[in-house]
Amino acid sequence: MYLLAIESSCDETAVAVVRDGRTVLSDVIASQADMHATYGGVVPEIASRKHVEAIAGLARAALERAGLKREQVDAVAVTYAPGLIGAVLVGVSFAKAAAFALGKPLIPVHHVRGHIAANYITHPDLEPPFVCLCVSGGNTMIVDVRDYTEMSILGATRDDAAGECFDKAARVLGIGYPGGAPMDALSRGGDDRRYPLPRAHVEGAPLDMSFSGLKTAVVNLVHNAGQKGEELDLPGLAASFSAAVSDTLVPRTMAAARVKGYGKVAVAGGVAANSRLRADLEAACRKSGDELFLPALSLCGDNGAMIGCQGFYEFLAGHTAGMDLNAYATRDISLG
Ligand code: KG4
């Protein structure tokens, strides 16, 4: 079964052709990150307009690279939630038009379910159930993946997403946007105990997280140093920051894995590319005996292939939509 898969929930327009869920025939992405870097963050209106400009050409390119004629497409999958509403709407409108014109089923895909599915592409042998830490620019949650389309949240951030926190810290340090990758690179030569940064706990909710205090701590540290004319140890700060994020995420993920007892842990989303997080999870899983599944670095950020993969399993479960499909800025992952 050939799926044309579309992703436009934030600042990447992506279209892929995926066969039977796990074979990626093409995956083309147009990133707008450079454009938004001028503003230090994603400007939603600009994102929507750029998606409109890019999407038709990318769909054509994805089919061409896959060596597929449009009549050979069996169904169209699309991210319909969560994300920037105008941005998601562009993908949904295009997918509806494509499905209608081709006379093929339309498959709505939850964006975070897509991130989780990136692991199926990297690890062809991976099957649910497993516990998945989903960490991106807009979402941070620990998910109980009971089956391909049956999942629920075990714990989540009460405020900022981990990626958002990386981006904000990088912004105050003046090292670019999006900030996760440059912070990661900077942290490699640094002393992770150079700056004491907070690790928050949510009273009565041991699997929930909070990152707003960490974000504020970095902002204050940078401003105070600036006022005093002190020079910061940037690699030390990036390493201390990455350690604080990882120390928040890893023990909760492992606690969730212990509770569920599946013996399998996966990670998903843009922050899954973080070297400290990957190393800490590897160490934790070695100790616990859980098998760890890390997505390929190329599949951590937003892409169309993951939507095509999850779309296949949604289709098998009978989850298709009509021409009245809408886009949603927020939606619980358990609802699909
Ligand atoms: O999954 P993604 O591409 O978009 C969303 O669905 O949100 O994630 C983007 C986020 C950004 O916040 C970016 O700074 C972060 O992932 N990121 C990283 C790394 N690479 C990307 N964060 C930490 N370390 C990285 N190596």
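Which of the residues spanning the stretch 87-126 are more than 16 Å from the ligand (Cβ to nearest atom), in a helix (DSSP H, G or I) and open to solvent by 10 Å² or more (accessible area, probe 1.4 Å)?
LEU89, SER93, PHE94, LYS96, ALA97, ALA98, PHE100, ALA101, LEU102
In the stretch 166-201, how many residues are within 17 Å of the chain's Cα centre (by Cα) and part of a loop (DSSP other than H, G, I, E, B)?
Of the residues in that region, 3 qualify.
Can you confirm whether VAL265 is more than 14 Å from the ligand (Cβ to nearest atom), open to solvent by less than 10 Å² (accessible area, probe 1.4 Å) and β-branched (Val, Ile, Thr)?
Spelling it out, VAL265 is indeed more than 14 Å from the ligand (Cβ to nearest atom), open to solvent by less than 10 Å² (accessible area, probe 1.4 Å) and β-branched (Val, Ile, Thr).
Scan the stretch 64-73 and give yes if some residue there is under 30 Å from PRO182 (Cα atoms) and open to solvent by less than 10 Å² (accessible area, probe 1.4 Å), otherwise no.
Within the stretch 64-73, none of the residues are under 30 Å from PRO182 (Cα atoms) and open to solvent by less than 10 Å² (accessible area, probe 1.4 Å).
Residues in the stretch 227-262 that are open to solvent by 10 Å² or more (accessible area, probe 1.4 Å) and either in contact with a Lys or Arg (Cβ under 8 Å, 6 or more places away or on another chain) or closer than 20 Å to ARG199 by Cβ (or both): how many?
Going through the stretch 227-262 one residue at a time, the tally reaches 9.
Going through the stretch 166-175 one residue at a time, which ones are more than 8 Å from the ligand (Cβ to nearest atom) and either open to solvent by less than 10 Å² (accessible area, probe 1.4 Å) or over 19 Å from ASP247 (Cβ atoms) (or both)?
ALA169, ARG171, VAL172, LEU173, GLY174, ILE175
Could you tell me how many of the residues in the stretch 130-165 are open to solvent by 50 Å² or more (accessible area, probe 1.4 Å), modelled with pLDDT of 95 or more and in a loop (DSSP other than H, G, I, E, B)?
2
Is there a residue being touching a residue at least 12 places away in the same chain (Cβ under 8 Å), aromatic (Phe, Trp, Tyr) and touching a helix residue (DSSP H, G or I) at 6+ places or on another chain (Cβ under 7 Å) anywhere in the stretch 94-104?
yes
Taking GLU314 and the conditions (1) closer than 30 Å to PRO178 by Cα; (2) in a helix (DSSP H, G or I); (3) open to solvent by less than 30 Å² (accessible area, probe 1.4 Å), which numbered condition does it fall short on, given that it satisfies the others?
(1)
Out of PRO198, PRO182, PRO178, I need the residue that is within 21 Å of LEU281 (Cα to Cα), near the ligand (Cβ under 9 Å from one of its atoms) and open to solvent by 40 Å² or more (accessible area, probe 1.4 Å). Which one?
Step by step, each of PRO198, PRO182, PRO178 is checked, and only PRO182 is within 21 Å of LEU281 (Cα to Cα), near the ligand (Cβ under 9 Å from one of its atoms) and open to solvent by 40 Å² or more (accessible area, probe 1.4 Å).
Scan the stretch 175-191 and report the pairs whose first residue is within 18 Å of ASP11 (Cβ to Cβ) and whose second residue is charged (D, E, K, R) and open to solvent by 20 Å² or more (accessible area, probe 1.4 Å), with Cβ atoms within less than 7 Å and a gap of 6+ or a chain change.
TYR177/ASP167; TYR177/ARG171; PRO178/ASP167; GLY179/ASP167; GLY179/ARG171; GLY180/ASP167
The values are calculated or read from the model by the stated rules, or taken from the named source; none is laboratory data. Note that the coordinates shown come from a computational prediction; the quantities given were computed from them, not determined experimentally. Note that each Cβ is placed from the backbone with ideal geometry, even for glycine, and that neighbours are counted across all protein chains shown. Note: accessible area is taken over every heavy atom of the protein model, side chains too, but ligands, DNA and RNA are not part of it. Shrake-Rupley method; radii C 1.70, N 1.55, O 1.52, S 1.80 Å.
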